[in-house]
1. Ranked highest first by average number of other Cβ atoms within 10 Å, how do 219-227, 99-107 line up?
2. Is any helix in the chain, taking whole DSSP H runs, at least 24 angstrom long along its axis by alpha carbon and on average at least 0.0 on the Kyte-Doolittle scale, and which ones?
3. Place a +1 charge on the Cβ of each Lys and Arg in the chain and a -1 charge on the Cβ of each Asp and Glu, then give the dipole magnitude about the Cα centre in debye, rounded to the nearest 20.
4. Under unit Cβ charges (Lys, Arg +1; Asp, Glu -1), what dipole magnitude, rounded to 20 debye, does the stretch 89-233 have relative to its Cα centre?
5. From Cα coordinates alone, what are the radius of gyration and Dmax values for the stretch 7-62 in angstrom?
6. For residue 200, list the lysines whose Cα falls under 26 Å from its own Cα; do not include residues on the same chain fewer than 8 positions away.
7. In whole Å, how far is the Cα centre of the stretch 123-180 from that of the stretch 22-95?
8. Given 83, 152, 69, which one lies farthest toward the positive end of the charge dipole of the chain, if we put +1 on the Cβ of every Lys and Arg and -1 on the Cβ of every Asp and Glu?
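A short reminder: the numbers here are calculations on the coordinates, not readings from a lab. Since the model is a prediction, treat every value here as computed from it, not as a measurement. All Cβ positions, glycine included, derive from the backbone under ideal geometry; neighbour counts span all protein chains shown.
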Amino acid sequence: MIETGLRDKVVIVTGAAAGIGHATARRFAQEGCRVASWDVRDGEAAPGGFFQKVDVTSAASVAAAVEEVEGRWGAIHALVNNAGILRDGQLVKFKEGALVGMMSDEQFDSVVGVNLRGVFVCTRAVAPRMIEAGGGVILNASSVVGLYGNFGQTNYIASKAGVIGMTRVWARELGRYHIRVNAVAPGIIETDMTRGMPEKAVQSLVAHTPLGRIGQPEDIANAYVWLASDAASFVTGAVLSVDGGVVTGT
């Protein structure tokens, strides 16, 4: 058995009310971590942890939550920036030569607000605390579509590609303080978010996945745990694709 070195470490997981975030909080708890589960929705704590209702787009909400975590448990070892939303739509949509729709400002701004700004706000709040504590791990949720693109997801892809860029910048900036920063790029994963996608779109993604199945939240949770562990102590600035070997355009 590989020793992860995570027992008694303090971990924050955003977007932890359901799906990948919920599975990730549980998985860190299994490693003996003290897990603070954050979400804008009501949720439940992982075993041995506690739940906080937090809006990751609000600097005040995030700062208050960080204070509470440190006041209860001390130094934060890992931040998992998992919170994310979808508001899919084509940039412009034409039918029979006429413009019938386009992506709205609200669709674009809401997704970038949670998926990109939320990662920025949370990391900005936690990084100084990690520096003062002598190090830590920051893990960001990107997506395979942030690497390859996908029809009808201008806003989502802008946010997830942006996360990759921020991950690489922060790996350079924060490495001197013994803070590792990595991103995980999931493929198609069975969550409430993907259950809301058109069945045709889901089947298309599965068809382009060599392993021939949809992923499970636990597949991503295991990747987060490994990246946060001592086993990945020389890994930073990386984007780990956990996607079943997805191949686009085939």
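1. Details: 219-227: 22.1, 99-107: 12.0.
By packing density, highest mean first, the sequence is 219-227, 99-107.
2. 154-174
3. The calculation lands at about 380 debye.
4. Its charge dipole is roughly 340 debye.
5. Here Rg and the maximum Cα pair distance are 10.5, 31 Å.
6. 93, 95, 160
7. Value for the Cα centre distance between the two parts: 15 Å.
8. It is 152, whose Cα lies furthest towards the positive end.
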